[in-house]
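Notes for the one structure printed next.
The values are calculated or read from the model by the stated rules, or taken from the named source; none is laboratory data. Just so you know, these numbers come straight off a predicted model, no measurement behind them. Glycine gets a Cβ as well: all are built from the backbone with ideal geometry, and neighbour counts include every protein chain shown. The accessibility values were calculated without ligands, DNA or RNA, using every heavy atom of the protein model including side chains. Shrake-Rupley method; radii C 1.70, N 1.55, O 1.52, S 1.80 Å.
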Amino acid sequence: MKFIFPQNYNFNNKIFGFIDYSTAILNVIWCIFIFIILNIFFNSLNIKIFLFITLSLPLVLFSILGFNGENITYFFLYILKYIFKPKIYFFKKE
């Protein structure tokens, strides 16, 4: 069986078919960072579990569900660029 892909087809490698590698790496780094911070400041296992889920679940959900197919790392870069260099364009319709 042969598959023919057009030349302008953008093929992205993904983990399990739905999450990009860069997004997965960002999620792992964020979860490790949260895990280390929680282990330093808290002793109770219940508090650690609650805070870990509360702080890591939104990023994981956004990376899985996505922003209309946009990579979450690019999304955060666009947000940071806009925060540091906001440009507002006004167009006048005639």
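Before moving on, here are some points about what is shown:
- Leading residue by the ranking (modelled with the lowest pLDDT) among those in region 9-20 that are in a loop (DSSP other than H, G, I, E, B) and of a type in the set (A, V, I, L, M, F, W, C): Phe11
- From Ile64, Ile49, Ile32, residue being in contact with a strand residue (DSSP E or B) (Cβ under 8 Å, 6 or more places away or on another chain) and β-branched (Val, Ile, Thr): Ile64
- The set of residues from region 25-38 being farther than 26 Å from Tyr74 by Cβ and open to solvent by 80 Å² or more (accessible area, probe 1.4 Å) comprises just one member, Ile36.
- The set of residues in region 48-85 being over 24 Å from Phe18 (Cβ atoms) and of a type in the set (Ser, Thr, Tyr) consists of Tyr82 alone.
- Residue check, Ile40 under 16 Å from Lys14 (Cβ atoms) and either of a type in the set (Val, Ile, Thr) or within 16 Å of the chain's Cα centre (by Cα) (or both): no
Rundown of residues vs (1) modelled with pLDDT of 80 or more; (2) in contact with a Gly (Cβ under 7 Å, 6 or more places away or on another chain); (3) exposed (fewer than 10 other Cβ atoms within 10 Å of the Cβ); (4) outside any loop (DSSP other than H, G, I, E, B), yes/no style:
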| position | (1), (2), (3), (4) |
| --- | --- |
| Gln7 | no, no, yes, no |
| Ser22 | yes, no, no, yes |
| Ile40 | yes, no, yes, yes |
| Leu51 | yes, no, no, yes |
| Thr54 | yes, no, no, yes |
| Tyr89 | no, no, yes, no |
| Lys92 | no, no, yes, no |
